[in-house]
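The values are calculated or read from the model by the stated rules, or taken from the named source; none is laboratory data. Keep in mind that this is a model prediction, so the values were computed, not measured. Because the Cβ atoms are built from the backbone with ideal geometry, glycine has one as well, and the counts that use them run over all protein chains shown. Quick note on the areas: whole protein, heavy atoms, side chains included, nothing else; ligands and nucleic acids left out. Shrake-Rupley method; radii C 1.70, N 1.55, O 1.52, S 1.80 Å.
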Amino acid sequence: MWFLGWKGPSGFSASSTAEQVTHGIHETSLTAIITGASSGLGLETTRVLALRGVHVVMAVRNVKNGFSIKETLLKEIPTAKIDVFELDL
């Protein structure tokens, strides 16, 4: 019963973090477009993928806020490849 904190077939549970799930992955050949990249799950996805070497395209409504977040992420992950584009779905 993985939903109670027990590990499922993947070895992860509902309490596993994105960093734990992606541990050991370094993918400089990938590009990911993340919608909603300026907050919540989109921001965390952006952060972890950038940490793992993925080129991340942040698709955001507020470009000014997106660039601010990009600068914050680059302070944490200086080697990150992040682009910011306006996308209003």
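Hey, if we sort Asp88, Asp83 by accessible area with the 1.4 Å probe, largest down, what's the order?
Highest to lowest solvent-accessible surface, that is Asp88, Asp83.
Between Phe12 and Glu86, how many nm apart are label points set 7 Å from Cα along the C-beta direction?
Once both label points are built, they end up 3.4 nm from each other.
Can you give me the angle between helix 40-51 and the longest principal axis of the chain, using Cα atoms only, in degrees from 0 to 90, rounded to the nearest 10?
Relative to the chain, helix 40-51 is tipped by roughly 90 degrees.
Leaving out ligands, DNA and RNA, and with a 1.4 Å probe, what % of the accessible surface on the range 32-86 is carbon or sulfur?
Summing carbon and sulfur atoms, their accessible area is 57 percent of the total for the range 32-86.
Cut-off 10 angstrom, C-alpha nodes, Gaussian network model of the chain. Which of Ala37, Ala14, Ala50 fluctuates the most?
Maximum fluctuation in the GNM of the chain, among the listed residues, is at Ala14.
Treating only the Cβ atoms of Lys and Arg (+1) and Asp and Glu (-1) as charged, compute the dipole magnitude of the chain about its Cα centre; round to the nearest 20 debye.
Using Cβ point charges on Lys, Arg, Asp and Glu, the chain gives about 100 debye.
So what is the 222 nm mean residue ellipticity for the chain from helices alone, if each DSSP H run of at least 4 adds -39500 (n - 2.57) and you divide by all residues, rounding to the nearest 500 deg cm²/dmol?
-10000 deg cm²/dmol
Compute the long axis of helix 63-76 from its Cα atoms, compare it with the longest principal axis of the Cα atoms of the chain, and write down the angle in degrees, 0 to 90, nearest 10.
Computed tilt is about 60 degrees.
Give me the orientation-averaged projected area of the Cα convex hull of the chain, in nm², one decimal.
Approximately 6.5 nm², given one-decimal rounding.
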